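All of the numbers you see were taken from the coordinates with simple rules; none came from a lab. Being a predicted model, the structure only gives us computed values, none of them experimental. Neighbour counts run over all protein chains shown; Cβ positions are idealised from the backbone, glycine included.
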Amino acid sequence: MAFGDGQALRDTYRRAEAGGYAFMANNIAEQNILMGLLDAYCEGRSDLLVQVSAGAARFAGGGDKEAGLRSLAGMVHALSAGRPITVYLNLDHFTVGEMNLIGTAISERLVSSIMIDASLESFDENVRISRSVVEQAKGSGILIEAELGKIKGVEDEISSDDAFYTDPDEAVEFVRATGADLLAISIGTEHGVSKGKDIELRIDLAAEIRDRLREAGLEVPLVLHGSSGVLPDQIRDAVRQGIRKLNKDTHYQYVYGRAAAEYYMERAAEIIPPSDVEDDVVNLFPGRGWSPNKKVFDPRVVGRAIQDEIKVIALALLEQAGSGGHAIQG
């Protein structure tokens, strides 16, 4: 298979609902995490959902979000070609300030889905903004995810000092008013690192929101943001209660940083000159009696180490979500 559009993604969510499993939605900002994810999901025979935030687009574009978005989307499209799984791309936590990027993503069909985040606004303003994106995407086949309730912490360019649980009655009203295809809810997760404390989740609230939506005839997959600090049993419980998409960003950032740190710490003597050798980086140490080891400092080598560690963690996480073995092509 290859890259999947929004209609294929809608069918994938329906299959997940029928099968009682979910998908990890995995954020990327460059190639190494994506390559590790692709290797893991091909081995695990799970379709793959990757995400790009506005901050990731800015990073990839050297400050130009639109260039970065096109670059990352092009990479996802190209590297998914010929894989035995379907790969989907979601825009994560895009706000009213990125409406021009949302327009580009829709008009150029760069993505499978878009998450519009107006959760910090009033209920009515959240409805207005979210509905406007749903209207803009009509006819494109791109799915729209909206968020109701505030999740504590910092995620890329979104910050909230407080958490507010999603109200089940408001959830029904919100989905009806916006026409959103997916609903991100707040049940106690936090963006970022949980600083060593256990996260207490209102799993019962997820089940109540799911049931209220079903009673209203609204078959809308539920999304859990801030899941990097959530324990495996909590993830499985959330999936059993109707969560079909769980976002992972901070977790992969840590795995990336740790893999790079361990690699370089173990090989520092082959990269950094000893104290009795003049530090002549400009000329690359000619005639110093010491030289760095190219087989060690070549960035492709540490890149492969990072990809290997991402693969290990991604395989464990897709097992928690239950998507392994369910690839459409499998």
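Some points to look at:
- If the segment from Val296 to Ser132 were pulled out straight at 0.36 nm per residue, it would be longer than the present Cα-Cα gap by 53.9 nm.
- Full extension of the chain segment joining Met99 with Glu200 gains 32.9 nm, where the gain is 0.36 nm per residue of separation less the Cα-Cα distance.
- Across Gly149, Gly229, Gly139, mean-square fluctuation computed from a Gaussian network of the chain (C-alpha pairs under 10 Å connected) peaks at Gly139.
- Cα-Cα over 28 Å, subset of Lys138/Lys245; Lys248/Lys295; Lys65/Lys294; Lys65/Lys248; Lys65/Lys138: Lys248/Lys295; Lys65/Lys294
- In terms of its C-alpha gyration tensor, segment 84-123 comes out oblate, because a/c is 1.5 or above while a/b does not outweigh b/c.
- In percent, rounded to a whole number, the relative contact order of segment 179-330 is 20, using alpha-carbon pairs under 8 Å and six or more apart.
- Taking Ser132, Ser53, Ser227 and counting other C-beta atoms within 10 Å, the order from fewest to most: Ser132, Ser53, Ser227
- Exposure proxy ranking, count of Cβ atoms within 10 Å, fewest first, for His251, His225, His77, His93: His77, His251, His93, His225
- Computed over the chain with a Gaussian network model linking Cα atoms closer than 10 Å, the most mobile of Lys245, Lys295, Lys138 is Lys295.
- Placing unit charges on each Cβ (+1 for Lys and Arg, -1 for Asp and Glu) gives segment 58-109 a dipole about its Cα centre, and among Gly103, Leu89, Leu79 the Cα reaching farthest toward its positive end belongs to Leu79.
- For Met99, Met24, Met265, order by how many other beta-carbon atoms lie within 10 Å, fewest first: Met265, Met99, Met24
- Choice from Gly188, Gly74, Gly82 showing the highest fluctuation, given a GNM over the chain with Cα pairs closer than 10 Å: Gly82
- Taking label points 7 Å from Cα along the Cα-to-Cβ direction, Ala2 and Glu43 give a separation of 2.6 nm.
- Proportion of all alpha-carbon pairs of segment 18-147 beyond 19 Å (%): 49
- Gyration tensor (alpha-carbon) shape descriptor, segment 1-94, a/c threshold 1.5: prolate
- Under the membrane-span-like helix rule (DSSP H runs whose alpha carbons stretch at least 20 Å along the helix axis, mean Kyte-Doolittle hydropathy 0.0 or higher), the chain yields 65-80, 299-321.
- For Tyr165 and Asp64, the FRET efficiency from 1/(1 + (r/R0)^6), where r spans their Cβ atoms and R0 equals 45 Å, is about 0.75.
- For the chain, the fraction of alpha-carbon pairs in successive 20 Å shells from zero, as %: 31, 54, 13, 2
- The charge dipole of the chain, taken about the Cα centre with unit charges on the Cβ atoms of Lys, Arg (+1) and Asp, Glu (-1), comes to about 1000 debye, rounded to the nearest 20.
- Length gained on full extension, His77 to Arg304, computed as 0.36 nm times the residue gap minus the Cα-Cα distance: 79.6 nm.
- Amide proton proximity set for Gly61, modelled H, under 5 Å, gap of 5+: Gly68
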